[in-house]
Structures are given as structure tokens and as C-alpha cells.
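*Asks:* One structure, pasted below without further comment.
The values are calculated or read from the model by the stated rules, or taken from the named source; none is laboratory data. Because the structure is a prediction, the values reported are computed rather than measured. A quick note on method: Cβ atoms are made from the backbone with ideal geometry, for glycine too, and the neighbour counts reach across all protein chains shown. Just the protein is used for accessible areas: all its heavy atoms, side chains included, with ligands, DNA and RNA removed. Shrake-Rupley method; radii C 1.70, N 1.55, O 1.52, S 1.80 Å.
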Amino acid sequence: MKENKFGRLREQEREARKHLILDAAEKLFSIKPYDAVSMQEIADEAGLAKSSIYTYFPTQEALFVDAAIRDTDRLLSELEGIAHKDIGSDLGRMINAWIDFFASHESFFRMTAQFMLYGNISPESIERLNPVTRRMLDILENAIRRLHYRGDARLLAHTLFSALSGILIAYRKYPGRTDEEIRQHMKRIGENIKEMMEAYINQSTGNDGG
């Protein structure tokens, strides 16, 4: 029993240290591209020896991928929760949850924005990220299908993802506004996107919404 308890404590300590490294890396990746961040910088930010970083992650790219998977999983779990709780259209709730998540996770937002602008990763890392990407698009596609869309729902899911990414990149640092004002402004734009998509879906299905 004591051995099992000791093993659990060691595993918890290992996980805590791993998340400490990921948090430090994410903060630095939000400032500049991951391949421009040294392992020594990550170690300094985490308050650990560089050798400790290599114990968990062999490269900056591996660190980037793990950080992206970890935080994207949090967002997608939240979106899946909305889909499971609600009946009918949940597109508006998902858009608001998306905006709230990125508004509350500044380093993750900046890290993903850096990657969209400058990212260049190996085929192996792309393979690791692909399941997360497919899961995200599956969630958006299913929300669109629940609106009885008969067209290419996957393409419309890509369109919605692009629109949401555009909102964040264009307005997350809107000058002269408080964080709350920015968040509400992004949600108003998100509501416009939802209404435009619903109008397009209604038109394509011959349903005028009346």
C-alpha cells in the first residue's frame, strides 16, 4: 500500500512538473515562433535545469505540440459539453464559448496566432495534431448538421473555423477598449456570423425560418 501511494505521489509530481514546463513554453511561444525559443529560455522561465526539460520533451517542437494538444483538448471538451446538453441549434453557444476560452487563455491565443503566421512543423508532429484538428471540425460539423444543412457540412465547418479565427486575430487586441468590451464586441460579431450561417443554411434547405 505504501509503495502504491509513493508511486502515485511520484506520478503526480511528474505531471505537475510537466505542466509547469508546458506553461512556461506556452508563454514563450506566445511571444515568438516555437523554433526561435531555446530550451534554455524555457528552463529559465520554468525555474528548472535544462536537463529536466529534456527528460520530458526532446525538442521545442515536441513541447509546442504537447501544449497545443493540452489546451485545445480543454476547449473541445467544453464545446462537446455544450453539444451534449443542448437540443437543437447550439451554434451560438459554441461561438461564445470559443471566444470566452481564447479571451481567458491569452498565452494560448498568442501561441496559436504565432503558429498560424509562422508555423512550420514536421510530418510527425502534423500526424500528432491531426486527430485534434479532426475532432474540432467534427464538433463544428455536427453543430451545422443539427441545423438540417444538406450541403457540404465539412466545408461549412472549415468556413466557421476560419471566421472565428479571424475574429480573434482582428479584435483580440482592439485598441482603446477594455478586455470585457473587446470580448463583448467579438461576441456581437460572432452573433452576426451565426445569423449569416443560419440564413445561408435556411436558404439552401428551402426553409425560411418561419
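*Asks:* Which value, in debye to the nearest 20, describes the size of the charge dipole of the range 52-210 about its Cα centre when Lys and Arg Cβ atoms bear +1, Asp and Glu Cβ atoms bear -1, and nothing else is charged?
*Replies:* Dipole of the range 52-210, to the nearest 20 debye: 160 debye.
*Asks:* Next question. Considering only protein heavy atoms and a probe of 1.4 Å, how much of the accessible area of the chain is carbon and sulfur, as a whole percent?
*Replies:* That share works out to 52 percent.
*Asks:* Now for a different question. Tell me, what is the per residue accessible area of the range 155-200 in Å², probe radius 1.4 Å?
*Replies:* About 58 Å² of surface per residue is accessible.
*Asks:* Which value at 222 nm does the chain reach when only helices count, each DSSP H run of 4 or more adding -39,500 (n - 2.57), with the total divided by all residues and rounded to the nearest 500 deg cm²/dmol?
*Replies:* About -26500 deg cm²/dmol.
*Asks:* Right, something else. Between TYR54 and ILE169, what is the spin-label point distance in nm, taking each point 7 Å from the Cα along the Cα→C-beta axis?
*Replies:* Taking the simple label geometry, TYR54 and ILE169 are separated by 3.6 nm.
*Asks:* Give the value in nm², to one decimal: projected area of the alpha carbon convex hull of the range 1-116, averaged over all directions.
*Replies:* 9.5 nm²
*Asks:* Which of the listed residues, ASN130, ILE95, PHE109, is farthest toward the dipole's positive end in the range 95-175, when Lys, Arg count +1 and Asp, Glu count -1 at the beta-carbon?
*Replies:* ILE95
*Asks:* Computed FRET efficiency, Cβ-Cβ of ASN202 and ARG70, R0 41 Å: what is it to the nearest 0.05?
*Replies:* So the FRET efficiency works out to roughly 0.60.
*Asks:* Sticking with this structure for a sec: Just need log10 I(q)/I(0) for the chain at q = 0.10 Å⁻¹, Debye formula, equal scatterers on the alpha-carbon atoms, no solvent, rounded to two decimals.
*Replies:* Summing over Cα pairs of the chain leads to -0.53.
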